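S.K.: Dumping the structure here so I can ask a few things about it.
Nothing in this text is a laboratory measurement; each read-out follows from the coordinates by a stated rule. Values in this document were obtained by computation on a predicted structure and should not be read as measured data. Here the Cβ positions follow ideal geometry from the backbone for every residue, glycine too, while neighbour counts run over all protein chains shown.
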Amino acid sequence: MPPHDLRISVRSAWNGWETAEIRLADLNDIHWLQPTGAPKPLVHGYVSCQCIVEGQIPHDCPGTRPPHRVLVCVLKNHTIASVYTQLTRRADAAHAAGVKASVRSEAVLGADPPV
Ligand SMILES: [Zn+2]
């Protein structure tokens, strides 16, 4: 399977039960985020709701004109290890770039990526 066709499982919340399958290539702006109640920072990213292959990510789709950028969470134990490693590297890179630009979100800044 070519890498751009690789599918990953994502969810709208780290502790949410609703999952969706998307193509890895459709996940953008990958970053670390520690949601309220989460034990540690988790890999998050944005995906267009029109790129969801299977399942659904709950959001206000009928309310406004699509496509919508939906924030999704990628869990380590639901992701192929090599893919997850790749995602954490991209999140680390975004984190480093964000620190350089002396960023916006304290949630991201204050959270150190897990080693
Ligand atoms: Zn939508």
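S.K.: Starting at the first residue of the stretch 52-61, write each ³J(HN,Hα) from the Karplus equation 6.51 cos²θ - 1.76 cosθ + 1.60 with θ = phi - 60°, in whole Hz, x for Gly and Pro.
M.R.: Result, ordered by residue: 6, 7, 9, x, 7, 10, x, 7, 7, 6 Hz.
S.K.: Show the residues, 5+ positions off or on another chain, whose built amide H is closer than 5 Å to the amide H of residue 42.
M.R.: The list, which skips near neighbours in sequence, is 33, 34.
S.K.: For 60, 29, what's the fewest-to-most ordering of other Cβ within 10 Å of each Cβ?
M.R.: Taking fewest neighbouring Cβ atoms as first place, the list is 60, 29.
S.K.: Quick one: Karplus J couplings for the stretch 34-44, per residue in order, coefficients 6.51, -1.76, 1.60, θ = phi - 60°, nearest Hz, x for Gly and Pro?
M.R.: Taking θ as phi minus 60°, the curve returns 10, x, 3, x, 6, x, 7, x, 10, 6, 10 Hz for the stretch 34-44.
S.K.: Through the Karplus equation 6.51 cos²θ - 1.76 cosθ + 1.60, θ set to phi - 60°, convert the phi angles of the stretch 76-82 into ³J(HN,Hα) values in whole Hz; use x for Gly and Pro.
M.R.: Each residue of the stretch 76-82 in turn: 4, 7, 10, 10, 4, 3, 5 Hz.
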